[in-house]
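The values are calculated or read from the model by the stated rules, or taken from the named source; none is laboratory data. In this text, all values refer to a predicted model and were calculated from it rather than measured experimentally. In this analysis, Cβ positions are derived from the backbone assuming ideal geometry, glycine residues included, and neighbour counts consider all displayed protein chains.
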Amino acid sequence: MKVQVIEKDGRPEWAVIPYGEYERLMEAAESLEDVRDYDAVKKAIESGREELVPAGVVDRLLNGENPVRVWRKHRGLSVSGLAAACGLTPAAVSQIESGKRSPSIEKLKAIAAALDVDVDDII
């Protein structure tokens, strides 16, 4: 690699390289960043801080299905099971899932905790 060094006060100040070399270095830096991101996500999944969400769950959410219902079914809970886990009645959970009832933030927090998701995931 041909490098031109520009000095200031007798010390290297700038290194000038051909543009092709610059592009190659940028690609290598981006690849390294991707590998580091991958490693961080892999560690988060292995430690239980993050989880893989199946494509079917994502598709149902993107298609506009009620997120409480989608996550409840993904977690293998019945309406009664979710209700018991978050201190609601089965009727209240059904009404929330059908959109007939809007829960308070406290109830949303309880539902999210029972489903092991963030509140944002069920809003």
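Any residue in segment 89-108 that is surrounded by 14 or more Cβ atoms within 10 Å (Cβ to Cβ), farther than 13 Å from Val68 by Cβ and among the small types (Gly, Ala, Ser)?
Taking every residue of segment 89-108 in turn, none turns out to be surrounded by 14 or more Cβ atoms within 10 Å (Cβ to Cβ), farther than 13 Å from Val68 by Cβ and among the small types (Gly, Ala, Ser).
What are the residues in segment 67-79 that are surrounded by 12 or more Cβ atoms within 10 Å (Cβ to Cβ) and either in contact with a Leu (Cβ under 7 Å, 6 or more places away or on another chain) or not aliphatic (A, V, I, L, M) (or both), if any? Spell out the reasoning first.
At the first step, the residues of segment 67-79 found to be surrounded by 12 or more Cβ atoms within 10 Å (Cβ to Cβ) are 67-75, 77-79.
Residues satisfying the conditions are Pro67, Arg69, Val70, Trp71, Arg72, Lys73, His74, Arg75, Ser78.
Given the structure, is Ala28 aliphatic (A, V, I, L, M), closer than 28 Å to Val119 by Cβ and either exposed (fewer than 12 other Cβ atoms within 10 Å of the Cβ) or at pLDDT 95 or above (or both)?
No; evaluated as a whole, the condition is false for this residue.
Kindly evaluate Val53 against the criterion of being touching a Lys or Arg at 6+ places or on another chain (Cβ under 8 Å) and surrounded by 12 or more Cβ atoms within 10 Å (Cβ to Cβ).
So Val53 fails the test.
Keeping to segment 26-78, report how many residues are in contact with an Asp or Glu (Cβ under 8 Å, 6 or more places away or on another chain) and part of a loop (DSSP other than H, G, I, E, B).
2
Here's the yes/no breakdown for (1) in contact (Cβ under 8 Å) with a residue 40 or more places away in the chain; (2) polar (S, T, N, Q); (3) out of contact with any His (no Cβ under 8 Å at 6 or more places or on another chain):
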| residue | (1), (2), (3) |
| --- | --- |
| Leu61 | no, no, yes |
| Gly76 | no, no, yes |
| Ser80 | no, yes, yes |
| Ala84 | no, no, yes |
| Ala91 | no, no, yes |
| Ser102 | no, yes, yes |
| Ala112 | no, no, yes |
| Asp121 | yes, no, yes |
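Tell me which of these Arg75 doesn't satisfy, since it passes every other one: (1) in the same structural domain as Ser102 (by TED's automatic domain parsing); (2) closer than 30 Å to Ile6 by Cα.
Against the list (1) in the same structural domain as Ser102 (by TED's automatic domain parsing); (2) closer than 30 Å to Ile6 by Cα, Arg75 comes up short only on (2).
Only one of Leu108, Leu115, Leu82 is at pLDDT 95 or above and in contact with a Phe, Trp or Tyr (Cβ under 7 Å, 6 or more places away or on another chain). Can you tell me which? Reasoning before the result, please.
Values: Leu108 fails: in contact with a Phe, Trp or Tyr (Cβ under 7 Å, 6 or more places away or on another chain); Leu82 fails: in contact with a Phe, Trp or Tyr (Cβ under 7 Å, 6 or more places away or on another chain).
The unique qualifying residue is Leu115.
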